[in-house]
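Following: one structure in structure tokens, then a few remarks.
Every number in this text was worked out from the coordinates using simple rules, so none of it is lab data. Treat the numbers as computed from the prediction; the structure is a model and nothing was measured. Positions of Cβ are backbone-derived with ideal geometry, glycine not excepted, and every protein chain shown enters the neighbour counts.
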Number of protein chains: 2
Amino acid sequence: MKIGVKVLPRKEVLDSQGRAVEMTLKAHGRAIEKCRVGKYIELDIPETDTDKALARAKEMAEFTLHNPLIETFQLEVVKG
Amino acid sequence: MKIGVKVLPRKEVLDSQGRAVEMTLKAHGRAIEKCRVGKYIELDIPETDTDKALARAKEMAEFTLHNPLIETFQLEVVKG
């Protein structure tokens, strides 16, 4: 089962990549209010039960995929 | 309206970050089949209509957020 992990910088943290993308889009006339840039990790876990797969993905995200000081993460089940 | 852009390396492309994460997780006893690492970009677009916001996000993703040679992207509406 595929689980997606979305990792985004915390709101309090300066997100220099997000700012750069925001400025580039604005400079080229695109209407944008704010932009945050993070990571997306797709985990293929050998587990068919959704709850168990999500629990394992959470454990992996907490173990090594995100830095709790500056980032938050969200999980999602990837269809197909 | 917030639109999330998930950018992942194409399957044919060597994903060195994904491999590194996969090896690290395996080395620490986590059951994982495959792992791909990409980007997640959250765009805050001043537009209340979902279809229009998605169309704008698609245009921005094609314009500068992803490299079509080596990456694919998916859009999603971010709730809350």
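Quick notes
- Derived from the Cα gyration tensor, the three semi-axes of the equivalent ellipsoid of chain B are 30, 15, 8 Å, largest first.
- Modelled this way, with points 7 Å down the Cα-to-C-beta line, the labels at B:LYS52 and A:GLU62 are 4.3 nm from one another.
- In the elastic network of chain B, a GNM with C-alpha springs shorter than 10 Å, the most mobile of B:LYS58, B:LYS39, B:LYS26 is B:LYS26.
- Protection-proxy order for peptides A:30-37, B:40-47, each taking the mean of Cβ atoms within 10 Å per residue, highest first: B:40-47, A:30-37
- Per-pair calculated FRET efficiency, R0 = 22 Å: A:ALA27 and B:ASP44 via Cβ, rounded to 0.05: 0.80
- Residue-averaged beta-carbon neighbours from other chains (10 angstrom radius) around A:42-55: 3
- Per-residue ³J(HN,Hα) for the range B:43-60, Karplus 6.51 cos²θ - 1.76 cosθ + 1.60, θ = phi - 60°, Hz, x for Gly and Pro: 9, 9, 9, x, 7, 8, 7, 4, 4, 5, 5, 5, 5, 5, 4, 4, 5, 5
- Each copy carries a label point for B:LYS11 at 7 Å from Cα along the beta-carbon vector; from one copy to the others these points are 3.9 nm apart, nearest first.
- Listed residues B:LEU25, B:PRO68, B:ILE45: farthest to the positive end of the dipole of chain B (Cβ charges): B:LEU25
- When the Gaussian network model of chain A links Cα atoms closer than 10 Å, the mean-square fluctuations of A:GLY29, A:GLY18, A:GLY38 top out at A:GLY29.
- Averaged over the residues of A:29-36, the number of partner chain Cβ atoms lying within 10 Å of the residue Cβ comes to 6.
- In plain terms, if you count all Cα to Cα distances in the protein assembly as shown and split them into 5 Å steps from zero, the share in each step is 2, 9, 18, 20, 20, 15, 10, 5, 2, 0 percent.
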